[in-house]
1. Return only the number of the condition from (1) loosely packed, with under 15 Cβ neighbours inside 10 Å; (2) closer than 20 Å to residue 161 by Cα; (3) in contact with a helix residue (DSSP H, G or I) (Cβ under 9 Å, 6 or more places away or on another chain); (4) in contact (Cβ under 8 Å) with a residue 40 or more places away in the chain that residue 188 does not satisfy.
2. From the residues in segment 133-150 that are part of a helix (DSSP H, G or I) and surrounded by fewer than 22 Cβ atoms within 10 Å (Cβ to Cβ), which one is nearest to the chain's Cα centre (by Cα)?
3. So is residue 4 modelled with pLDDT under 95 and surrounded by fewer than 16 Cβ atoms within 10 Å (Cβ to Cβ) or not?
4. Residue pairs, Cβ under 7 Å, 6 or more apart or interchain, first in segment 139-159 and on the phi < 0 side of the Ramachandran plot, second assigned to a loop (DSSP other than H, G, I, E, B) and buried (at least 22 other Cβ atoms within 10 Å of the Cβ). List them.
5. Assess whether residue 118 counts as being surrounded by fewer than 16 Cβ atoms within 10 Å (Cβ to Cβ), in a helix (DSSP H, G or I) and modelled with pLDDT of 95 or more.
6. Please return the ranges of strands (runs of 3 or more DSSP E) entirely within segment 10-88 where 1 or more residues are out of contact with any helix residue (DSSP H, G or I) (no Cβ under 9 Å at 6 or more places or on another chain) and farther than 22 Å from residue 138 by Cβ.
7. When residues of segment 205-216 are filtered for being crowded, with 18+ Cβ neighbours inside 10 Å and farther than 16 Å from residue 71 by Cβ, how many remain?
8. Do we find that residue 243 is touching a residue at least 60 places away in the same chain (Cβ under 8 Å), out of contact with any strand residue (DSSP E or B) (no Cβ under 7 Å at 6 or more places or on another chain) and not in a strand (DSSP E or B) in this structure?
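The values are calculated or read from the model by the stated rules, or taken from the named source; none is laboratory data. Everything quoted here is computed from the prediction, not taken from an experiment. Cβ placement follows ideal geometry from the backbone for every residue including glycine, while neighbour counts extend to all protein chains displayed.
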């Protein structure tokens, strides 16, 4: 896909956000056909949305190739945030585990090994992702179109965490997700990708390279632990991850 169709796809996604006129699909001529094209579209969109402050990365199972999306500072929030409903088209709530990096991981001529990645992690945090889409209907598009649309990202809300993150057994972590005071999901483990360290290594070595790599202070959220719970505003979402922390967001 030459640069012009990539620009056209990015402009269509940006205009959908601006006008709140949701897309039935991307035009056939500028629909991405590879992950590389998806990330090129993401890069154009993020150039307009603002600086990258976080990432989302996930995979459907422990052996599948991950996918990622850069997240702008404008959609990254601390626990307790009150988010206007006008930010969103659809509201899907997911509880996740996120990490904050304490060191830069810039693109290099070689891959980072597990020890280097571990040394670059500063803390682990509970997170709520608000999933959304710029398309008219949820899960209505091919995979590449959804990856190009920031992997259905709406907002990320991050709670206080802990720096002794290696003491947390994330693959058996308990997670309780409540919506408006009612428990909607209670799981042990739950991340279909397995150990999130594999996702972080892939992100540092592959996913983030076209965007200039990863920087200290960046938050990386590693996929849903609870599955997605669709809600309507106004609403309050809370996620408790015992041993990690608590995170809350209000939308309305």
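1. Failing condition for residue 188: (4).
2. Filtering segment 133-150 down to residues part of a helix (DSSP H, G or I) leaves 143-148, 150.
Filter once more, so that each one left must be surrounded by fewer than 22 Cβ atoms within 10 Å (Cβ to Cβ): 143-146.
Working: 143: 15, 144: 16, 145: 16, 146: 12 Å.
Restricting to residues being part of a helix (DSSP H, G or I) and surrounded by fewer than 22 Cβ atoms within 10 Å (Cβ to Cβ), the top hit is 146.
3. On the way: modelled with pLDDT under 95: yes; surrounded by fewer than 16 Cβ atoms within 10 Å (Cβ to Cβ): yes.
Answer is yes for this residue.
4. 144/32; 145/26; 145/32; 148/32; 149/133; 149/134
5. Numbers: surrounded by fewer than 16 Cβ atoms within 10 Å (Cβ to Cβ): yes; in a helix (DSSP H, G or I): yes; modelled with pLDDT of 95 or more: yes.
So residue 118 passes the test.
6. Working: elements: 52-58, 67-72, 76-78, 81-83.
Correct list: 76-78, 81-83.
7. Total satisfying the criteria: 1.
8. Numbers: touching a residue at least 60 places away in the same chain (Cβ under 8 Å): yes; out of contact with any strand residue (DSSP E or B) (no Cβ under 7 Å at 6 or more places or on another chain): yes; not in a strand (DSSP E or B): yes.
The answer is yes for residue 243.
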